[in-house]
Amino acid sequence: MTDRTPQVPGGAVGAPVVLGNEPGSFARGVLAERHPALIQQVRDAFPYGRRQQDALDALLTETAEGVVQPLAAEEHDAERWTQWGRGRFGRSWYDAPFLWSESYFYRRLLGAVGYFGAGAWRGIDPFAPFKQTELRGEAVAEELRALDALVDAPADERAAALLGASLWGNRADLGFLVSAGERAVDDAASALVADDGALLWRLLPAGAGASVAVVADNAGRELIPDLVLIDHLLHHRHAARVVLHVKPYPYYVSDAMTADVVDCLRRLRQAPGEAARIGDRLWRAMAAGGLEVRTHPFFCAPLPYEEMPDDLRGEFTGGALTLLKGDLNYRRLVGDRLWDATTPFAERTAHFPGVVAALRTLKSDVVVGLEQERLDSLEASGAAWRTSGTHALIQVRP
């Protein structure tokens, strides 16, 4: 049985796994173009020594022309990756499942720059300069100023705007939704390929005192609106407690870690007006236990959520809602396969414990849960709607 015709639980034949060997595909473009460019960007951002430079050169050559090599036996997670990579080492990077090859690339990149080593570069985030530049930029300052316009808005309008800002992340952000006026909101709504936003709010009525889990995606301009949405949930009693799950180490360039959460909270508190008030409330919420930040090694694993370990599954059980942010979490939730886009979202998420919601800007091929009429319209448009970040979705499985 090849990766292209896998078996899924229950014995049914699953959709083809996304690989990187399809000419012209999004996955191939990431492996052939994005990853080499990222290696160069990381190299340019730090004065790495000869050892790191040589390791980056070797990784570039291996991913472009060679075969997948295992981690050295002395690496702290070598045994784990040996298990995850069984049957993939010694093959072209392009022939491995895309979810696996992407994840392993970032693990190898961290190894090349000494992130896990015993030397001076241990624990130095190779993506930190990119995150910090974005966080200090004028775009973030403008988005934080835009929060002042929501202070006197009715609660339902504020909730809708903040959910939309969290959804769109660094495209249709707070500034887009609030400052650009009604037309911008209409445009954002028309770009939704699925919208269960109303259902999401019905599951979190004000005053219910629910426990909510949020699994973060990116730092910076996406994490700030996520934190603002979390403040809204807590401040208006849609949730009595929120657990924010982040990555345990740098991953996929801009993925959020605990340090990024702290940086974003500081950025909020340093801003004027409503942003500072939100930052102060969240700061106090963390101290009081209303907002807790957690992490788990599984968040950097090349595995679908269907294979999450029991301890993490237990964390997602019993809460009112688990909210998964972003494209990678979506791929891991429904399975990184070329599903028929009308496959029910509920069917692909039945494995997940408790109520689950996905907020995602589309930046890869995988999508499920669309109505046939909507799908036909999108396909007829001729646009790269699955991968361009111009469309988004809110999907909920009660």
Length gained, Ser381-Asp148, 0.36 nm per residue minus C-alpha separation, equals 80.1 nm
One quarter of the C-alpha convex hull surface, i.e. the mean projected area of the stretch 326-367 in nm², amounts to 2.8
Rounded to the nearest 500, the 222 nm mean residue ellipticity computed for the chain from DSSP H runs (n ≥ 4, each -39500 (n - 2.57)) alone is -12500 deg cm²/dmol
In Å, the Kirkwood estimate of hydrodynamic radius for the stretch 106-145 over Cα pairs equals 11.7
Projected area averaged over all directions for the convex hull of the alpha carbon atoms of the stretch 241-299, nm², comes out at 4.3
Computed on Cα atoms only, the convex hull of the chain has an orientation-averaged projected area in nm² of 19.7
Long-range share for the stretch 198-320, i.e. C-alpha pairs more than 25 Å apart as a percent of all pairs, stands at 25
Of 112-121, 155-164, 46-55, ordering from highest average Cβ density within 10 Å down gives 155-164, 112-121, 46-55
Normalised per residue, the volume inside the convex hull of the alpha-carbon atoms of the stretch 26-126 in Å³ amounts to 96
If unit charges are put on Cβ atoms (+1 for Lys and Arg, -1 for Asp and Glu) and the dipole of the stretch 130-397 is taken about its Cα centre, the option from Ser166, Val368, Pro250 lying farthest towards the positive end turns out to be Pro250
Over its alpha-carbon atoms, the stretch 264-398 yields an Rg and a Dmax in Å of 17.8, 52
Between Glu22 and residues 5 or more places away or on another chain, the pairs with built amide H atoms under 5 Å apart involve Arg28
Percent antiparallel among DSSP beta bridges confined to the chain, nearest 5, equals 35
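None of the figures in this text is laboratory data; all of them are computed from the coordinates on show. Bear in mind that the values here come from a model prediction, so they are computed numbers and not experimental data. Here the Cβ is made from the backbone with ideal geometry for all residues, glycine too, and neighbour counts use every protein chain on show.
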